1. Which entries in Lys36/Lys80; Lys31/Lys91; Lys49/Lys125; Lys20/Lys78; Lys33/Lys80 show an alpha-carbon gap greater than 25 Å?
2. Please list, short to long, the whole-number percent of alpha-carbon pairs of the chain in consecutive 5 angstrom bins beginning at zero.
3. Expressed as a rounded percentage, what relative contact order does the chain have, with Cα pairs under 8 Å and six or more residues apart?
4. Got a sec? Charge dipole of the chain, +1 on Cβ for Lys and Arg, -1 for Asp and Glu; which of Val50, Ile97, Leu28 is way out at the positive end?
5. Under a straight-distance cross-link criterion of Cα-Cα below 18 Å, which aspartates and glutamates are reachable from Lys95, leaving out those fewer than 8 residues away in the same chain?
6. Tell me, what is the per residue accessible area of the range 26-74 in Å², probe radius 1.4 Å?
7. Given the rule -39500 (n - 2.57) for each run of at least 4 DSSP H residues, summed and divided by the residues of the chain, what is its mean residue ellipticity at 222 nm, to the nearest 500 deg cm²/dmol?
8. Ignoring ligands, DNA and RNA, what percent of the accessible area of the chain is carbon or sulfur (1.4 Å)?
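The values are calculated or read from the model by the stated rules, or taken from the named source; none is laboratory data. This structure is a prediction, so every number in the text was calculated from the model and none was measured. Here Cβ is always computed from backbone atoms with ideal geometry, including for glycine, and neighbour counts include all displayed protein chains. The accessibility values were calculated without ligands, DNA or RNA, using every heavy atom of the protein model including side chains. Shrake-Rupley method; radii C 1.70, N 1.55, O 1.52, S 1.80 Å.
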Amino acid sequence: MSFSGKYQLESQENFEPFMKAIGLPDELIQKGKDIKSISEIEEDGNNFKVTVTTGAKVLVNSFILGQEAELETVTGEKVKAVVQREGNKLKVSLKGIESVTELLDANTIVNTMTVGGIVYKRTSKRM
């Protein structure tokens, strides 16, 4: 299955505790908690471009599977990391945050980010 497509956030769990744990200011947490972000994934072989639009904030990361790339985190920091694919999952470790994006079925994507025992889960549906 291809990850390519546009997905809208449908539900999320542990948004506030996770964002606090990674150091996002309360003001931004309150602004962002109810926004239904849109993720657009372009997959071309091992080349990926992921664009996440949350209100006025747009986060764009491009990478090639298995190769080091500079990726921007949720806090806006840029870090070097390697994204790996395992079946229907994309996995990456960003400064202590373990991120797994899984294509559950043709229309559902689940992103789980874990830091210090706090698991933030986002479920998005294809638009």
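1. On the way: Lys36/Lys80 28 Å; Lys31/Lys91 28 Å; Lys49/Lys125 18 Å; Lys20/Lys78 19 Å; Lys33/Lys80 27 Å.
Over 25 Å apart, Cα to Cα: Lys36/Lys80; Lys31/Lys91; Lys33/Lys80.
2. 2, 10, 21, 27, 23, 13, 4, 0
3. Values: 265 pairs, mean separation 33.7, N = 127.
It rounds to 27 percent for the chain.
4. Positive-end residue among those listed: Leu28.
5. Straight-line reach from Lys95, under 18 Å: Glu68, Glu70, Glu72, Glu77.
6. Numbers: 2900 Å² over 49 residues.
Each residue of the range 26-74 exposes 59 Å² on average to a 1.4 Å probe.
7. Working: 2 runs with 14 residues, N = 127.
So the calculated ellipticity at 222 nm is -3000 deg cm²/dmol.
8. On the way: 3440 of 7010 Å².
Carbon plus sulfur share of accessible area: 49 percent.
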